[in-house]
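Chemist: Shown below is the structure under consideration.
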């Protein structure tokens with residue numbers, strides 16, 4: 001298994017180390033529920049250095065990015081971040097990613113850890129030879145500081161006025177605790193917060209500095225368990241669950257991030273236009289269990305004795321104190337408030353459809369959707 005630069009600190013802090021996508025990462029430290037609730041009420045620190053970072057540079061970088069992703073890169077300003085998707089020709093998803101625009105000739109792509117190698121190969125195959133495409137993942141660490149007290153904590157370590165940074169904006173060169181970092185107001189929790197990209201060699205020092213600075217604010221280190229429950233409550237997609245090779249962005253309720261009207265024909269555009277014209281066959285919905293049980297990934301969703309779809313993600317919601325699930329089902333088969341049966345461990349348990357997201361996001365400003 002691969003180790004992040006923070007691995008030994010995870011062990012020292014009592015992190016329960018598990019294998020995740022080929023990486024040795026902490027599942028939890030003091031407990032998933034406590035870590036989750038602390039992020040919602042105060043702040044938590046995440047090591048997400050396993051994520052992939054790919055740079056695309058050159059005179060034609062912006063033109064290429066327009067063809068690569070579903071969003072409209074031409075409308076993205078320098079120092080803005082865009083959540084977008086890369087698709088196959090048939091509309092299935094290669095990966096979802098964050099696009100950091102340094103300039104029209106310089107982009108940083110942050111991709112899912114398990115997909116980094118395949119994403120890099122995909123981008124290299126499509127990119128013109130004049131562009132410089134590099135997989136910088138081994139040289140870059142990523143730390144995430146998330147929660148309502150994230151800004152107050154981070155501000156003690158930098159002279160940069162963080163209040164001036166809106167959601168999905170970034171500054172490429174900020175000194176934090178004496179360390180150079182790219183700092184963006186982004187996150188995967190539904191809370192306000194920041195993600196910091198820095199040299200792998202500096203990551204252990206900054207990790208310790210953030211924990212020390214956050215101590216008066218009640219900071220806790222957070223593992224994979226709470227990272228998943230936090231993103232789940234906020235309705236944020238996880239590749240391999242809500243997004244796959246066989247699920248399109250339109251089916252995953254991500255139409256706002258798919259710009260079918262942009263002039264450039266990005267990969268998969270024609271297939272997605274055809275899908276939209278013929279009515280998107282499936283939709284992602286939320287369900288709350290009526291009977292006791294947790295709907296897990298892959299569980300069948302049944303209406304009137306017929307399977308209409310499956311659970312993509314499910315867990316106990318620490319904030320709502322309910323067992324909830326995200327489900328990909330045939331469109332218009334389940335209305336809000338309708339009851340369904342979910343096959344959990346061989347038993348059909350009753351649930352009902354509820355609205356999404358399960359938790360209202362608390363970002364500083366409206367996200368960029370181009």
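Derivation of every value follows stated rules applied to the coordinates shown; laboratory data play no part. These numbers were taken from a predicted model, which means no experiment stands behind them. Cβ: placed from backbone, ideal geometry, glycine included. Neighbour counts: every protein chain shown.
Chemist: Based on DSSP, what percent of beta bridges with both residues in the chain are antiparallel, to the nearest 5?
Modeler: Values: 81 of 87 bridges.
Counting only bridges with both partners in the chain, antiparallel ones make up about 95 percent.
Chemist: Along each of its three principal axes, how wide is the spread of alpha-carbon positions in the chain, in whole angstrom units, largest first?
Modeler: 62, 48, 38
Chemist: Between residue 339 and residue 288, what is the label-point separation in nm under the 7 Å Cα-to-beta-carbon projection?
Modeler: Taking the simple label geometry, residue 288 and residue 339 are separated by 1.5 nm.
Chemist: Given springs between every Cα pair under 10 Å in a Gaussian network model of the chain, which of 208, 129, 84 has the largest fluctuation?
Modeler: 129
Chemist: If I model a spin label as a point 7 Å beyond the Cα along the Cα-Cβ vector, how far apart are those points for residue 88 and residue 16 in nm?
Modeler: 3.5 nm
Chemist: Here is a further query. Have a look at 57, 79, 321 and tell me which one the Gaussian network model of the chain (Cα, springs below 10 Å) gives the largest fluctuation.
Modeler: 321
Chemist: Given the Cα-Cα distance of residue 322 and residue 171 and 0.36 nm per residue of separation, how much length would full extension add, in nm? Show your work: numbers first, answer last.
Modeler: Details: separation 151, 0.36 × 151 = 54.36 nm, distance 3.86 nm.
Stretched fully, the residue 322-residue 171 segment lengthens by 50.5 nm.
Chemist: For residue 152 and residue 361, FRET efficiency with R0 = 25 Å and r from the beta-carbon atoms, rounded to 0.05?
Modeler: On the way: r = 19 Å, r/R0 = 0.78.
Approximately 0.80, to the nearest 0.05.
Chemist: Have a look at 311, 285, 354 and tell me which one the Gaussian network model of the chain (Cα, springs below 10 Å) gives the largest fluctuation.
Modeler: Of 311, 285, 354, the most mobile in the Gaussian network model is 354.
Chemist: Then there's this: Between residue 278 and residue 352, what FRET efficiency follows from the Cβ-Cβ distance if R0 is 25 Å, with the result rounded to 0.05?
Modeler: Values: r = 29 Å, r/R0 = 1.17.
Here the calculated transfer efficiency is 0.30.
Chemist: What FRET efficiency do you get for residue 200 and residue 117 if R0 is 22 Å and r is their Cβ-Cβ distance, rounded to the nearest 0.05?
Modeler: Working: r = 18 Å, r/R0 = 0.81.
So the FRET efficiency works out to roughly 0.80.
Chemist: Just subtract the alpha-carbon distance of residue 8 and residue 130 from 0.36 nm times their residue separation and send over the number in nm, one decimal. Mind showing how you got there, number by number?
Modeler: On the way: separation 122, 0.36 × 122 = 43.92 nm, distance 4.06 nm.
Stretched out fully, the residue 8 to residue 130 stretch lengthens by 39.9 nm.
Chemist: If you stretched the chain out fully between residue 304 and residue 57, how much longer would it get, using 0.36 nm times the residue separation minus the C-alpha to C-alpha distance?
Modeler: On the way: separation 247, 0.36 × 247 = 88.92 nm, distance 5.39 nm.
Full extension of this stretch gives 83.5 nm more.
Chemist: Evaluate 2.2 N^0.38 Å with N set to the residue count of the stretch 281-354, then give the Cα radius of gyration divided by it.
Modeler: Details: Rg = 10.8 Å, N = 74, 2.2 N^0.38 = 11.3 Å.
Compared with the compact-globule rule of thumb, the stretch 281-354 sits at 0.95.
Chemist: How far apart, in nm, are two points set 7 Å out from the Cα along the Cα-to-Cβ line at residue 67 and at residue 245?
Modeler: 2.4 nm
Chemist: Moving on. Report the Cα centroid-to-centroid distance between the stretch 299-370 and the stretch 47-106 in angstrom, as an integer.
Modeler: The stretch 299-370 and the stretch 47-106 have Cα centres spaced 30 Å from each other.
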